[in-house]
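The values are calculated or read from the model by the stated rules, or taken from the named source; none is laboratory data. Everything numeric here is computed off the predicted structure, so don't read it as measured data. Methodologically, a virtual Cβ is constructed for each residue, glycine included, from the backbone with ideal geometry; neighbour enumeration extends over all protein chains shown. Note: accessible area is taken over every heavy atom of the protein model, side chains too, but ligands, DNA and RNA are not part of it. Shrake-Rupley method; radii C 1.70, N 1.55, O 1.52, S 1.80 Å.
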Amino acid sequence: MTGELHEAKRPVSAALAGPYGHPFHPMLVAVPIGAWVASMVFDLASRFAPGPGFLAEGSKWLIAIGVLGALAAAMAGFLDFFAIPAGTPAFRTGLLHMGLNLVITAAYAAGFLWRQAGTGASTAAGAVALGPLLLSASSLALLVVSGYLGGKLAYRYGVRVADEATQAAGFRR
């Protein structure tokens, strides 16, 4: 294994980023992804349900949970990013992945504040208004792109994934 590849698989700090071959970042991203997908479901349901205020309120707090989860995931992801050698395709992919995630998190934080302020955030019936709904939908679309890039980092470039010799232990009889 080359030195750069070896470097990208080892954590900067196992206590903070997760031990070798078992990084914390992929575990933590389930929180914002799940919260933001659920918030979109609530947003859409609020447009069709009678008395939709509880769905709009639930969506707002799911967005807040997602933002907090994204910040936790970002801390671990940032440590993983530091392990990737600069100037490599994996580094450029990681930089784009990180940049998109920062934009997405900022958009969701802005969406939460918009909903919290209440100005134009809901219809007269209490459903989520079109503006906040479109902001969430576009943020979720960007999240899909960023998730693809995160998968590319792990599955194509093997960032923070155990080397093949270590993985082979799971396939011995």
Residue check, A165 crowded, with 17+ Cβ neighbours inside 10 Å and out of contact with any helix residue (DSSP H, G or I) (no Cβ under 7 Å at 6 or more places or on another chain): no
Confirm whether G147 is of a type in the set (G, A, S), surrounded by fewer than 21 Cβ atoms within 10 Å (Cβ to Cβ), in contact with a Phe, Trp or Tyr (Cβ under 9 Å, 6 or more places away or on another chain) and outside any loop (DSSP other than H, G, I, E, B). no
Quick check on this structure: which one of L113, L68, L102 is under 26 Å from A127 (Cβ atoms), free of Cβ contacts under 8 Å to residues at least 40 places away in the same chain, under 12 Å from the mean Cα position of the chain (by Cα) and open to solvent by 40 Å² or more (accessible area, probe 1.4 Å)? L68
Read through the list (1) touching a residue at least 60 places away in the same chain (Cβ under 8 Å); (2) surrounded by 13 or more Cβ atoms within 10 Å (Cβ to Cβ), then give the number of the only condition that L135 fails. (1)
Just the residues that are crowded, with 18+ Cβ neighbours inside 10 Å and in contact with a Gly (Cβ under 8 Å, 6 or more places away or on another chain), please, taken from the range 151-162. L153, V159, R160, V161
Which residues, counting only those in the range 122-132, are hydrophobic (A, V, I, L, M, F, W, C) and touching a residue at least 24 places away in the same chain (Cβ under 8 Å)? A125, A127, V128
Apart from one, (1) hydroxyl-bearing (S, T, Y); (2) in contact with a Gly (Cβ under 8 Å, 6 or more places away or on another chain); (3) closer than 15 Å to I63 by Cα all hold for T166; the odd one out is (3)
Has the range 121-129 got at least one residue that is part of a helix (DSSP H, G or I), surrounded by 13 or more Cβ atoms within 10 Å (Cβ to Cβ) and among the polar types (S, T, N, Q)? no
Helices (runs of 4 or more DSSP H) contained in the range 1-104 and holding at least 3 residues at pLDDT 85 or above: 25-28, 30-46, 53-82
